[in-house]
Amino acid sequence: MASDPDIETRIVASIRRIMRAVDLHSRHLVDEFGLTGPQLAVLQAVTRCEPATPGAIARSVRISAATTTGILTRLQKRGLIVRTRGESDRRTVRVDLTDAGRKALAAAPSLLQDRFRDQLVHLEGWERSMILSVLQRIATMMDAEDLEASPMLVTDDSTLVFRGPPGEDREDQDFIREN
């Protein structure tokens, strides 16, 4: 089957634009609000989950427990959350926003994925199904269908946390960003 070489070029260019939009939004969050996307997602989950335990937050944001713990540690060091042990069961941990955490959450924009979801609901069901099918096919073509869907984390010191299987995140690697 013959194909139009221009269409392949336009498909790849569209994927690059999507990747660039995600990168620009991530940089904006870090530069303007001092939060990474995953940190903002965790702060949002703290307000949604009742009780807000690390496990409930991890399930809500769909990231591993180990990754959630790392994010919570960074947020606590910045004074945005507090973790307290349960009085009757010392093994349970509750996560709450501090006043500074509530202010940071109120000032931060919505996540790019939230705005995207808001626009998706206005599409017809068949359109959403087609988009899902195409994106799943693209993930397969890029050998990415088994990758965890959560993003890489950019820490406050511009280091990356590279995502691996749950419990195998690698931190403190040099982060080189192309400008």
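So how many residues does the stretch 59-105 have that are among the small types (Gly, Ala, Ser), closer than 17 Å to residue 49 by Cα and at pLDDT 90 or above?
So the first thing to find is which residues in the stretch 59-105 are among the small types (Gly, Ala, Ser), and the list is 60, 64-66, 70, 79, 86, 88, 100-101, 104.
Those still in the list that are closer than 17 Å to residue 49 by Cα too: 60, 64-65, 86, 101.
Filter again for at pLDDT 90 or above, leaving 60, 64-65, 101.
Here the count works out to 4.
One residue is enough: does the stretch 48-55 have a residue meeting the conditions assigned to a helix (DSSP H, G or I) and within 18 Å of residue 115 (Cβ to Cβ)?
Among the residues of the stretch 48-55, at least one is assigned to a helix (DSSP H, G or I) and within 18 Å of residue 115 (Cβ to Cβ), which makes the answer yes.
Name every residue in the stretch 110-134 that is surrounded by 12 or more Cβ atoms within 10 Å (Cβ to Cβ), at pLDDT 85 or above and either on the phi > 0 side of the Ramachandran plot or not in a helix (DSSP H, G or I) (or both), in order of residue number.
Of everything in the stretch 110-134, just one residue is surrounded by 12 or more Cβ atoms within 10 Å (Cβ to Cβ), at pLDDT 85 or above and either on the phi > 0 side of the Ramachandran plot or not in a helix (DSSP H, G or I) (or both), namely 123.
Name the one entry in 67, 47 that is among the polar types (S, T, N, Q), touching an Asp or Glu at 6+ places or on another chain (Cβ under 6 Å) and in contact (Cβ under 8 Å) with a residue 24 or more places away in the chain.
67
For the stretch 60-106, enumerate the residues that are among the basic types (Lys, Arg) and either under 21 Å from the mean Cα position of the chain (by Cα) or under 24 Å from residue 33 (Cβ atoms) (or both).
Once the filter is applied, which keeps residues that are among the basic types (Lys, Arg) and either under 21 Å from the mean Cα position of the chain (by Cα) or under 24 Å from residue 33 (Cβ atoms) (or both), the stretch 60-106 yields 62, 74, 77, 78, 83, 102, 103.
Listed here are the residues, each with its yes/no results for (1) without any contact (Cβ under 8 Å) to a residue 24 or more places away in the chain; (2) under 22 Å from residue 116 (Cβ atoms); (3) assigned to a helix (DSSP H, G or I).
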residue: 7; (1), (2), (3): yes, no, yes
residue: 11; (1), (2), (3): yes, yes, yes
residue: 21; (1), (2), (3): no, yes, yes
residue: 25; (1), (2), (3): no, yes, yes
residue: 35; (1), (2), (3): no, yes, no
residue: 43; (1), (2), (3): no, yes, yes
residue: 57; (1), (2), (3): no, yes, yes
residue: 73; (1), (2), (3): yes, no, yes
residue: 101; (1), (2), (3): no, no, yes
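Could you please give the count of residues in the stretch 75-96 that are basic (Lys, Arg) and part of a strand (DSSP E or B)?
Residues in the stretch 75-96 being basic (Lys, Arg) and part of a strand (DSSP E or B): 3 in total.
I'd like to know if the stretch 83-104 contains one or more residues that are surrounded by 17 or more Cβ atoms within 10 Å (Cβ to Cβ) and closer than 28 Å to residue 20 by Cβ.
yes
For residues in the stretch 49-82 being among the polar types (S, T, N, Q) and within 22 Å of residue 99 (Cβ to Cβ), which is surrounded by the most Cβ atoms within 10 Å (Cβ to Cβ)?
Of everything passing the filter in the stretch 49-82, 53 is surrounded by the most Cβ atoms within 10 Å (Cβ to Cβ).
The values are calculated or read from the model by the stated rules, or taken from the named source; none is laboratory data. Here the structure is a predicted model, which is why all the values come from computation and not from measurement. Cβ coordinates were reconstructed from backbone atoms using ideal geometry, including for glycine residues, and neighbour counts include every protein chain displayed.
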